[in-house]
Amino acid sequence: MASSSSLRIPTPTHHPAAAYASVRVRRAALSISASATNGSTGVPVPVPRDPAIALPRPLTSADLMGEASGDGLKVAYQGCPGAYSEAAAKKAYPSCQTVPCEYFETAFQAVENWVADRAVLPLENSLGGSIHRNYDLLLRHRLHIVGEVRLAVRHCLLANRGVKVENLRSAMSHPQALAQCEQTLTMLGIDHREAVDDTAGAAKHIAEQNLQDTAAVASSLAAQLYGLDILAENIQDDTDNVTRFMMLAREPIIPRTDKPFKTSIVFSLEEGPGQLFKALAVFALRKINLTKMESRPHKKRPLRIADENCSTPLKHFDYLFYVDFEASMADPNAQNALSNLKQEFATFLRVLGSYPTDVSEA
């Protein structure tokens with residue numbers, strides 16, 4: 001896959017919420033010596049430019065189309081080739097070059113260290129709920145959510161050539177995939193479960209070890225990649241099995257108001273009765289719809305004293321609140337809501353991204 005020809009210069013990744021309302025301009029840096037000094041007079045004299053030195057060319061509409069399709073982009077995902085995350089990356093950026101990563105954090109680091117241009121990572125599943133590890137990593141790293149993509153997950157039962165369902169004693173896959181197929185696996189007489197890091201990794205292991213009594217729960221693409229037979233298709237217990245993935249980049253995108261946008265934030269609150277109710281009211285009063293809310297213990301401040309006047313001070317978890325709402329940061333209503341939240345209620349607030357809503361079929 002050919003790499004992008006535009007010159008990329010690292011820029012700081014910290015951007016306050018107000019930065020989303022203004023147009024960001026990226027300037028390319030050139031280090032070209034254009035003059036020399038006359039030794040006798042000290043007066044600079046022009047030096048002919050070497051024609052071999054290529055100056056950056058202006059962006060064209062084709063470049064912008066390439067960004068949308070992923071042409072020239074390297075996109076990191078967690079798992080082995082054939083993972084559902086790779087399918088999500090291809091759906092988000094059809095022409096991209098995918099980069100498999102061992103762990104979720106490795107994918108974050110790949111983008112931060114310029115090994116990859118984007119990362120596509122799961123955030124929540126309609127059956128299994130939120131992927132909490134990635135919520136924690138969003139706060140630990142300084143990447144920005146620049147898009148979302150929903151992918152219908154269709155599990156298959158995979159085994160080595162010649163193996164029949166009646167030969168199987170065990171199923172191997174990611175814990176969530178096993179949970180999503182629990183009833184079907186039991187009905188097929190497969191009683192033992194073995195959890196591994198990812199679905200495609202299970203298929204790869206079964207093929208490499210030539211296991212005859214163990215099947216993988218993975219995608220049909222994994223069956224093709226690792227030479228396995230598909231013994232059963234769509235084995236998930238619920239047909240509506242959709243995973244929502246986030247697309248991450250080093251820089252945020254410029255928000256717009258001419259198409260549906262979603263904004264993701266994280267904040268913490270002062271102690272007190274009704275604080276969360278009051279904080280969420282800043283959105284309701286402006287008729288901004290919340291699509292998701294997730295609370296996670298504050299790892300840097302896990303316990304908070306509830307009442308210092310008690311002989312035995314009460315302690316409980318301190319929380320961070322992750323919220324998605326249907327509005328663009330280019331919308332004055334959204335800006336005012338966050339300004340109200342920050343000034344009146346939040347002890348900490350960070351905008352994780354403002355990005356187009358995925359309106360495509362999963």
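The values are calculated or read from the model by the stated rules, or taken from the named source; none is laboratory data. The model shown is predicted, which means the values in this text are computed figures rather than measured ones. Cβ: placed from backbone, ideal geometry, glycine included. Neighbour counts: every protein chain shown. All accessible areas refer to the heavy atoms of the entire protein, side chains included, with ligands and DNA or RNA removed. Shrake-Rupley method; radii C 1.70, N 1.55, O 1.52, S 1.80 Å.
List the pairs whose first member sits in the stretch 80-95 and is outside the structural domain of HIS205 (by the TED database), whose second member is of a type in the set (Lys, Arg), and whose Cβ atoms are under 9 Å apart, counting only residues at least 6 apart or on separate chains?
What qualifies is CYS80/LYS204; PRO81/LYS204; GLY82/LYS204; ALA88/ARG150; ALA89/ARG118; LYS91/ARG150; ALA92/ARG118; TYR93/ARG118.
Which of the residues that make up the stretch 284-300 are in contact (Cβ under 8 Å) with a residue 40 or more places away in the chain and either under 18 Å from TYR319 (Cβ atoms) or among the β-branched types (Val, Ile, Thr) (or both)?
Across the stretch 284-300, the qualifying residues are ILE288, LYS292, GLU294, ARG296, LYS299.
For LEU138, which of the numbered conditions (1) closer than 26 Å to VAL266 by Cβ; (2) open to solvent by 10 Å² or more (accessible area, probe 1.4 Å) fails to hold?
Evaluating LEU138 over (1) closer than 26 Å to VAL266 by Cβ; (2) open to solvent by 10 Å² or more (accessible area, probe 1.4 Å) leaves (2) as the failure.
For the stretch 187-274, list the strands (runs of 3 or more DSSP E) that sit wholly inside it and hold at least 3 residues that are open to solvent by 40 Å² or more (accessible area, probe 1.4 Å); which are they?
The strands (runs of 3 or more DSSP E) meeting that bar are 192-195, 229-233.
In this structure, does ARG142 turn out to be under 21 Å from GLY353 (Cα atoms) and part of a loop (DSSP other than H, G, I, E, B)?
yes
I need a count of the residues in the stretch 165-186 that are of a type in the set (Ser, Thr, Tyr), surrounded by fewer than 20 Cβ atoms within 10 Å (Cβ to Cβ), farther than 13 Å from ASN234 by Cα and in contact with a strand residue (DSSP E or B) (Cβ under 9 Å, 6 or more places away or on another chain).
1
Against the conditions (1) open to solvent by 20 Å² or more (accessible area, probe 1.4 Å); (2) outside the structural domain of GLY227 (by the TED database); (3) in a loop (DSSP other than H, G, I, E, B), where does ARG133 fall short? Just the number, please.
(3)
Which of the residues belonging to the stretch 104-118 are open to solvent by 40 Å² or more (accessible area, probe 1.4 Å) and free of Cβ contacts under 8 Å to residues at least 40 places away in the same chain?
PHE104, GLU105, THR106, GLN109, ASN113
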